[in-house]
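Visitor: Sending over a structure as structure tokens; questions will come in a sec.
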Amino acid sequence: MPPDLQQRAETDGKGKVKLTPPLEEAMLSIFLRSVSILHAAGKLGVLLLQLSPAFSPRKHQLSELEHLIDMLRDYQLAIEFRNRNWAIGEQLKSTIDFLKERNAIFVNVDGPMAEHFTIMPSDLDEITNPSTAYLRLHGRNARGYLSGKTVAARFDYDYSDEEIVEVAERSKKLARKTREVHVIFNNNNLDYAPRAAARLRVALGQLFSAPPQTPELF
């Protein structure tokens, strides 16, 4: 936390910061100042709110997000759940309905084929805001995702050409239901993400050829 907020924050007996509406507002105000130039220039596409896997239906309520969503009402807000229990069984409909009512964008994902609670299902193509769909690609490395000690290790995955074609078809499917689709590669080891994005643009007919692979320096 910024030093000035550290002084104002309340803590419990274990020294853990208590999240209060004033503290939440102060933190968000500081963050939004950092993106204000992009927002003012019309260069900020979608603001991603990524939740912790600890935010689960067993311990939390979707209503806890309402204050944040309200404070971000001037932004195109996409919410990425990182606990799959929000998106399976009967809970899925409640989650989607909650986002639709508030025009928040549900983040669809491509990830490992594993049913660990931190891995969201990859077979969802939900549209909760009529203007924008969001697809975020984490790679399909289950072992790295669950046991990686660094971000690069967790998302260490190089999409094959066949998988890029799958992503292209999925993107087209989302595009038929909404006006704009944001496809974000988060497989951020080496240059995997930018190369995958370029190959996707080729598959979508936006580029004629992908740029060459970046030589490894180390």
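The values are calculated or read from the model by the stated rules, or taken from the named source; none is laboratory data. Keep in mind that what you see is a predicted model, and the values were worked out from it rather than measured. For neighbour counting, all protein chains shown are included, and Cβ atoms are generated from backbone atoms with ideal geometry for every residue, glycine included. Surface areas here come from the heavy atoms of the whole protein model, side chains and all, with no ligands, DNA or RNA. Shrake-Rupley method; radii C 1.70, N 1.55, O 1.52, S 1.80 Å.
Visitor: Net charge around Leu23, counting only other residues with Cβ within less than 11 Å of its Cβ (Lys, Arg = +1; Asp, Glu = -1)?
Guide: Numbers: positive: Arg8, Lys18; negative: Glu10, Glu24, Glu25.
Counting the neighbours of Leu23, the net charge comes to -1.
Visitor: Summing +1 for each Lys or Arg and -1 for each Asp or Glu, what net charge is found among the other residues whose Cβ lies under 11 Å from the Cβ of Lys100? Kindly include the intermediate steps, with their values, before the conclusion.
Guide: Numbers: positive: Lys93, Arg102; negative: Asp97, Glu101, Glu126.
In short, -1.
Visitor: Right, next: Full-extension gain between Leu146 and Ser36, please, as 0.36 nm times their residue separation minus the C-alpha to C-alpha distance.
Guide: Numbers: separation 110, 0.36 × 110 = 39.60 nm, distance 3.47 nm.
Contour length minus Cα-Cα distance gives 36.1 nm.
Visitor: Same structure again: Measuring with a 1.4 Å probe in the full set of protein chains, what accessible area per residue, in whole Å², belongs to the stretch 93-193?
Guide: Numbers: 4890 Å² over 101 residues.
Computed with neighbouring chains in place, this is 48 Å² per residue.
Visitor: Also: Could you give the length gained on full extension between His60 and Ser209, defined as 0.36 nm per residue of separation minus the Cα-Cα distance, in nm?
Guide: Working: separation 149, 0.36 × 149 = 53.64 nm, distance 4.66 nm.
Length difference between fully extended and current span is 49.0 nm.
Visitor: Once Rh is set to the Kirkwood radius over Cα pairs, what Stokes-Einstein translational diffusion coefficient, in µm²/s, holds for the chain at a temperature of 25 °C and a viscosity of 0.890 mPa s?
Guide: On the way: Rh = 19.2 Å.
Taking Rh from Cα pairs, D becomes 128 µm²/s.
Visitor: Run the simple label-point estimate for Ser160 and Ser52 please: 7 Å along Cα→C-beta, distance reported in nm.
Guide: Here the answer is 3.8 nm between the modelled labels.
Visitor: Can I ask one more? Taking Cα atoms, how many degrees apart are the long axis of helix 192-203 and the longest axis of the chain, rounded to 10 and kept between 0 and 90?
Guide: Around 60 degrees separate the two axes.
Visitor: Counting only other residues whose beta carbon sits under 13 Å from that of Met1, what net charge do I get with K and R as +1, D and E as -1?
Guide: Combined, the nearby Lys, Arg, Asp and Glu give 0.
Visitor: Using only the alpha-carbon atoms of the stretch 121-206, report the extent along each of the three principal axes, biggest first, to the nearest angstrom.
Guide: Extents along the principal axes, in whole Å: 37, 27, 17.
Visitor: Order these peptides, 195-208, 166-179, by their mean beta-carbon neighbour count within 10 angstrom, highest first. Write out the running numbers ahead of the final one.
Guide: Values: 195-208: 16.5, 166-179: 14.6.
In decreasing order of mean packing, 195-208, 166-179 become 195-208, 166-179.
Visitor: According to a simple spin-label model (label point 7 Å from Cα along Cα-to-Cβ), what is the distance in nm between Leu72 and Asp125?
Guide: 2.5
Visitor: Given R₀ = 35 Å, what would the calculated FRET efficiency be for Met113 paired with Gln7, taking r from the Cβ atoms and rounding to 0.05? Let's see the in-between values first.
Guide: Details: r = 47 Å, r/R0 = 1.33.
Efficiency computed from Cβ-Cβ geometry: 0.15.
Visitor: I've got another one for you. For the stretch 5-104, what are Rg and Dmax over the alpha carbons, in angstrom?
Guide: 15.3, 45
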